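Report on one structure; see the data block that follows.
The values are calculated or read from the model by the stated rules, or taken from the named source; none is laboratory data. The structure displayed is predicted, hence computed values, not measured ones. Every residue, glycine as well, gets a Cβ built from its backbone with ideal geometry; the counts of neighbours run over all protein chains shown.
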Ligand code: LR7
Ligand code: MN
């Protein structure tokens, strides 16, 4: 009994210790989570840094499937040039006129043809996340040729991982060519909904057509291509990865050239260097080698790098983000300037643009525009493209717009239409000013295109001897300046003389010697020149040659000659033009 009592007492003591222990442990154990807490955790996870692409030297990338074991035989295979033969050649001149592309050659090249893998060798060893965003490839077109449009579509279908390609959205911008009607609808039926065709009810131009395509698309990312492209090996994942990590990044592939006459596929740039997009003050698009600092910011040569702007046609962007920043200004007409509008908006409003060296896309550069602008822009004061530039410059460039007007004096008189919505959008998105953009993003513009000094004079330049005007004849150097009728609306007869003695026409300059007066390339990085104009004597003095601009009476020829105040062949009058 005693034993029992004793035992019972010990039992009690033991149970007490056990219970205390359990309670203590329970107290420190994590409590079951409430639903709200679980939800919170999920959101936190969503914003955790995503997996970056990983470089593994010598190990083939997860999406880097070799496309061909051997290059197939056939016209244009391997991206080789092809030529029309025999009687086929008879058609060439007329299709070149109609399309700006040799469609005879294009029709003979397979839609699934092979092209050379022109990427940097590092590109084969990048491993990309497996859960990249789904993508709608948007292709807008107006009266494009059949085989070039379809080769674009085929190349996208052949070379994109299907799990990332939601659809191809075609937007027909009111084409009137027969093959783009029923025949196209019939043809894309084989793709079972993967290729969709939308049509504009009237001509909208490429800019509004793209916005429409993006609005109607279902992918998380929209990726725009021109209708005469061929995408290259493993082009898609490298464009999606930066957007996957940060949905305010716009990505741009490196663009290769496809020859308009032979369809040869070849890189525009060779060698171990990268280029990025900038502009000159007349808003012409330019490319420049990337600055040393940008090069050094990256570990691998083949990594994406920042760019102030882009050529316009080929890029990927998160769809919601694109729509949130207003897509393109709907006031932009048909063609041109939209690349700057979007670039300035993205950078100034908190996003960024990168060029992606491992994504390569070929594009057929046409020598001229094979279409007209239709009814769009009729009755507008000024040429459409310059009107577009004016909208962009007025909305985004702040005090820097003055350099645009210095470079394109006529634009001051153009009517860019109502800008209030665009200005309100800039305010609503709380965007930074253009000075910030110039200092932090596009600082290299100034290496090639310094800020412009003021114009002393601009306009047509009329001879007091013959009442004819200076005419550079062509906009491409080398070209000899000669004389023609004044009052021509051709903008390439509008000259500007700036405070530093540079005489410019468009983006070119005028120089001369005792034989000729010539249109030349302006020296990059400089804004000065050899000319002095005397408002009293009306003479043009060339400081280096110490001679004057002279028009010979007999043969109407221009050159530099000893200055002579009594010679009317040396007297010139600037006349500003009105629209
Ligand atoms: O009214 C039109 N409606 C259209 O749908 C006019 C054109 N288009 C289509 C056209 O069929 C084509 O698919 O829009 C696309 C682009 O037109 P292009 O090919 O005539 O333009 P481009 O290649 O001469 O011009 C470049 O600049 C344009 C400025 O608005 C666009 O941004 C183009 O997309 C752009 N092209 C590129 O960036 C490709 C690389 C060139 C470089 C450097
Ligand atoms: Mn194009």
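Of note:
- Residues within the stretch 159-194 that are loosely packed, with under 14 Cβ neighbours inside 10 Å and closer than 21 Å to residue 251 by Cα, tallied: 2
- Of the residues examined, residue 492 is not one that is more than 28 Å from residue 289 (Cα to Cα) and at pLDDT 95 or above.
- The residue that is nearest to ligand 1 (Cβ to nearest atom), counting only those in the stretch 134-148 that are more than 24 Å from residue 318 (Cα to Cα) and surrounded by fewer than 24 Cβ atoms within 10 Å (Cβ to Cβ), is 143.
- Hits in the stretch 330-370 - residues which are more than 22 Å from residue 160 (Cβ to Cβ), within 16 Å of ligand 2 (Cβ to nearest atom) and outside any loop (DSSP other than H, G, I, E, B): 334, 338, 339
- Selected residue [closer than 19 Å to residue 279 by Cβ and outside the structural domain of residue 292 (by TED's automatic domain parsing)] from 432, 493: 432
- Selected residue (only one of 493, 547 is within 25 Å of residue 566 (Cα to Cα), in contact (Cβ under 8 Å) with a residue 12 or more places away in the chain and touching a strand residue (DSSP E or B) at 6+ places or on another chain (Cβ under 7 Å)): 547
- Scanning the stretch 197-218 for residues that are closer than 22 Å to residue 151 by Cβ and crowded, with 19+ Cβ neighbours inside 10 Å yields 206, 209, 210, 213, 217.
- Residues satisfying the criterion are absent from the stretch 113-126 (criterion: surrounded by fewer than 20 Cβ atoms within 10 Å (Cβ to Cβ), free of Cβ contacts under 8 Å to residues at least 60 places away in the same chain and more than 29 Å from residue 240 (Cβ to Cβ)).
- Flag for residue 522 being touching a helix residue (DSSP H, G or I) at 6+ places or on another chain (Cβ under 7 Å), free of Cβ contacts under 8 Å to residues at least 24 places away in the same chain, crowded, with 19+ Cβ neighbours inside 10 Å and assigned by TED's automatic domain parsing to the domain that holds residue 563: no
- Test: residue 285 is within 16 Å of ligand 2 (Cβ to nearest atom) and more than 30 Å from residue 104 (Cβ to Cβ): yes
- 1 or more residues closer than 30 Å to residue 52 by Cβ and more than 11 Å from ligand 1 (Cβ to nearest atom): qualifying strands (runs of 3 or more DSSP E) within the stretch 187-301: 221-225, 229-231, 249-258, 275-279, 285-289
- Residue 383 being away from ligand 2 (no atom under 16 Å from the Cβ) and at pLDDT 95 or above: no
- So residue 316, is it more than 24 Å from residue 411 (Cβ to Cβ), outside any strand (DSSP E or B) and more than 11 Å from ligand 1 (Cβ to nearest atom): no
- Every condition in (1) in a strand (DSSP E or B); (2) touching a residue at least 60 places away in the same chain (Cβ under 8 Å) holds for residue 509 except the one numbered (2).
- When 136, 147, 175 are checked against the criterion of being within 16 Å of ligand 2 (Cβ to nearest atom), in contact (Cβ under 8 Å) with a residue 24 or more places away in the chain and not in a loop (DSSP other than H, G, I, E, B), 147 stands alone in meeting it.
- Boolean, residue 390 is assigned to a loop (DSSP other than H, G, I, E, B) and not assigned by TED's automatic domain parsing to the domain that holds residue 341: no
- Hey, residue 106 assigned to a helix (DSSP H, G or I) and in contact with a strand residue (DSSP E or B) (Cβ under 7 Å, 6 or more places away or on another chain) or not: no
- Of all the residues in the stretch 346-370, those that are more than 20 Å from residue 147 (Cβ to Cβ) and in contact with a strand residue (DSSP E or B) (Cβ under 8 Å, 6 or more places away or on another chain) number 12.
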